[in-house]
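For reference, the structure is listed below as structure tokens.
The values are calculated or read from the model by the stated rules, or taken from the named source; none is laboratory data. Computed from a predicted model, the values in this text were never measured in an experiment. Glycine gets a Cβ as well: all are built from the backbone with ideal geometry, and neighbour counts include every protein chain shown.
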Amino acid sequence: MTPTFEKGGHIIYWGDALEVLKTEIDTESVDLIFVDPPYNIGKKFSDFHDKWSSDEDYAAWAYQWLDECVRVLKRTGTLYVMTSTQAMPYFDIFLRNKLSILSRIVWHYDSSGVQARRYYGSLYEPILHCVKDTKNYTFNTDEIKVEAKTGAQRNLIDYRKPDPAPYSTEKVPGNVWCFPRVRYRMDEYEEHPTQKPELLLERIIRASSNENDLVLDPFAGTFTTAAVAKKLNRRSTSIESQEKFIKIGLRRVLEMPCYNGEELRPPRKSCIRKNANGKRFKADGKGDLFDGVRGARVYQKDT
Ligand SMILES: C[S@@+](CC[C@H](N)C(=O)[O-])C[C@H]1O[C@@H](n2cnc3c(N)ncnc32)[C@H](O)[C@@H]1O
């Protein structure tokens, strides 16, 4: 039996994604799936080392749970899947025969970390946006519109229309999304090597599901998907193999105060920071300085 935790429409399975998908999730039962698996790039996720012996071995593993995701997705459902830039071609070619790929999204982020010197450093992660039925799927354009720059900003009139009218001030975002990565000083920060930002999940969940819909995340990590689904009044099912991260989900999503006698607390953050010259100073949780030198450049730790 897979250890299972449940409260108020949110379910957490502690186990292997493929096993849990096969044994616990009904066929065509899920409205939206967001999959952010290990990328085969050697990260350490608690006791799990994210490295396969070859790209082909990694792809063969992924094809099994991708097939399961296709099985559990409703006919009207949507799947978003991420992986490394080098592995995404395998996923893309595999999935285009099973689902319709509507968008190939680039999540572009800032990076203050060390950059590559002899090649072009990676500043993005790819995301596939796929549906089962191109004639019947959820896409709530009004929920995700962003400011339209160009014509609207300059108060221009669009004369291409039969009746000339001001340019629209809002538009559906394009397929390049700019959201900052989760940084140490952000309120949402958890101790995990690849936490995804809430803003990214918010756009996906608002666009591709409705209230009370079921959102599935088979590789939950810090449970960003479920936390955002909960905020937006969706139901969620999450799977995670590492106990260390299960505890984050129990606190962040199910609001459990303790687990096995252990108090569940958000990460404790050090308030010792360094300025641009490497000098140490004390800061409060929001990055403001205690000593009154406000507005100084503050460096944040990359995750
Ligand atoms: C890329 S991270 C997901 C991060 C997540 N999206 C977030 O915002 O925190 C992948 C997660 O999958 C977990 N994992 C690795 N192998 C797994 C498996 N076979 N079944 C379930 N979870 C697994 C890892 O422990 C890790 O937390």
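Determine, yes or no, whether residue 253 is near the ligand (Cβ under 10 Å from one of its atoms), of a type outside the set (Ser, Thr, Tyr) and either at pLDDT 95 or above or at positive phi (or both). For residue 253, the condition - near the ligand (Cβ under 10 Å from one of its atoms), of a type outside the set (Ser, Thr, Tyr) and either at pLDDT 95 or above or at positive phi (or both) - is not met. Taken over region 192-241, the criterion of being more than 7 Å from the ligand (Cβ to nearest atom) and at pLDDT below 95 is satisfied by 193 alone. Restricting attention to region 38-63, the residues being more than 12 Å from the ligand (Cβ to nearest atom) and either free of Cβ contacts under 8 Å to residues at least 12 places away in the same chain or within 22 Å of residue 247 (Cβ to Cβ) (or both) number 6. If I filter region 95-107 for residues that are more than 16 Å from the ligand (Cβ to nearest atom), over 20 Å from the mean Cα position of the chain (by Cα), among the aliphatic types (A, V, I, L, M) and at negative phi, do I get at least one hit? Checking region 95-107: at least one residue is more than 16 Å from the ligand (Cβ to nearest atom), over 20 Å from the mean Cα position of the chain (by Cα), among the aliphatic types (A, V, I, L, M) and at negative phi. Scanning region 47-78 for residues that are within 21 Å of the chain's Cα centre (by Cα), of a type in the set (Ser, Thr, Tyr) and not in a helix (DSSP H, G or I) gives a single hit, 78. Screening region 176-191 for residues that are among the aromatic types (Phe, Trp, Tyr) and surrounded by 18 or more Cβ atoms within 10 Å (Cβ to Cβ) and picking the one that is farthest from the ligand (Cβ to nearest atom) gives 177.
Residue pairs whose Cβ atoms lie under 7 Å apart, sitting 6 or more positions apart in sequence or on different chains, and linking a residue in region 240-253 that is closer than 14 Å to residue 230 by Cβ to a partner that is crowded, with 20+ Cβ neighbours inside 10 Å and among the aliphatic types (A, V, I, L, M), are 249/12; 249/220; 249/226; 250/12; 252/227; 253/12; 253/226; 253/227. Give me the residue from region 11-37 that is within 14 Å of the ligand (Cβ to nearest atom) and charged (D, E, K, R) and, out of that set, nearest to residue 128 (Cα to Cα). Looking at residues that are within 14 Å of the ligand (Cβ to nearest atom) and charged (D, E, K, R), I get 36. Screening 51, 74 for residues that are touching a Gly at 6+ places or on another chain (Cβ under 7 Å) and in the same structural domain as residue 120 (by TED's automatic domain parsing) leaves exactly one candidate, 51. Among the residues here, residue 5 qualifies as at pLDDT 95 or above, more than 17 Å from residue 72 (Cβ to Cβ) and hydrophobic (A, V, I, L, M, F, W, C). Counting only residues that are surrounded by 13 or more Cβ atoms within 10 Å (Cβ to Cβ) and modelled with pLDDT of 90 or more, region 109-122 holds 1 of them.
Just one of 138, 85 is assigned to a loop (DSSP other than H, G, I, E, B), assigned by TED's automatic domain parsing to the domain that holds residue 221 and within 28 Å of residue 28 (Cβ to Cβ); which is it? Just a single option satisfies the conditions, and that option is 138. Just one of the numbered conditions (1) surrounded by 13 or more Cβ atoms within 10 Å (Cβ to Cβ); (2) modelled with pLDDT under 95; (3) away from the ligand (no atom under 16 Å from the Cβ); (4) among the polar types (S, T, N, Q) is not true of residue 76: (2).
Filtered by the rule that a residue be of a type outside the set (Gly, Ala, Ser) and loosely packed, with under 15 Cβ neighbours inside 10 Å, region 42-60 gives 43, 44, 47, 48, 49, 51, 55, 56, 57.
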